[in-house]
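Worksheet: one structure, shown below.
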Amino acid sequence: MNIEHDAKTRKFFVTFGMEEAVLNYRLGGNVIDFYHTFVPELGRGKGIAEKLVKAGFEYAREQKLKVIPTCPYISGAFLSRHPQYQSLVG
């Protein structure tokens, strides 16, 4: 699975078939707000959302950004399963 980053449209995404799974974000100063994660029905249950969000957090770490996890999936399930990213939340 190839996660791509489009800085112009501010999203991490993966395409499969005619569909796209995305992690959308807002960027301001040294803060990145991950506000929306979406995986189409066809791709659900395959860990795609988790891979998208991991890519986003790794990007935040590399860029020295603080993360605002507005998306409920990230603030709930993802961070509870991946406490190693909690230090980026600010």
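Just so you know, all these numbers are worked out from the coordinates, no wet-lab data involved. Just so we're clear, the structure is a prediction, and the values are computed from it rather than from any experiment. With ideal geometry, Cβ positions are generated from the backbone for all residues, glycine too; neighbour counts draw on all protein chains shown.
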*Hull shadow area, averaged, region 4-88 [alpha-carbon convex hull, nm²]*: 5.4
*asked:* Under 16 Å between alpha carbons: how many lysine pairs meet that in the chain, if sequence neighbours fewer than 8 apart on the same chain are excluded?
replied: 5
*Report, to the nearest 10°, how far helix 48-63 tilts away from the longest principal axis of the Cα atoms in the chain, using its own Cα long axis and a range of 0 to 90°.*
30
*If you put +1 on each Lys and Arg Cβ and -1 on each Asp and Glu Cβ, how big is the dipole of the chain around its Cα centre, in Debye rounded to 20?*
260
*Among bridges DSSP assigns within region 4-88, what percent are antiparallel (round to 5)?*
85
*With an 8 Å cut-off on Cα pairs and a minimum separation of 6 or more residues, tell me the relative contact order of the chain in percent.*
23
*Go ahead and run the numbers for FRET between Arg26 and Ala77, Cβ-Cβ distance against an R0 of 25 Å, rounding to 0.05.*
0.75
*Run the quick spin-label model on Leu42 and Lys66: label points 7 Å from Cα toward the beta carbon, then report their separation in nm to one decimal.*
4.0
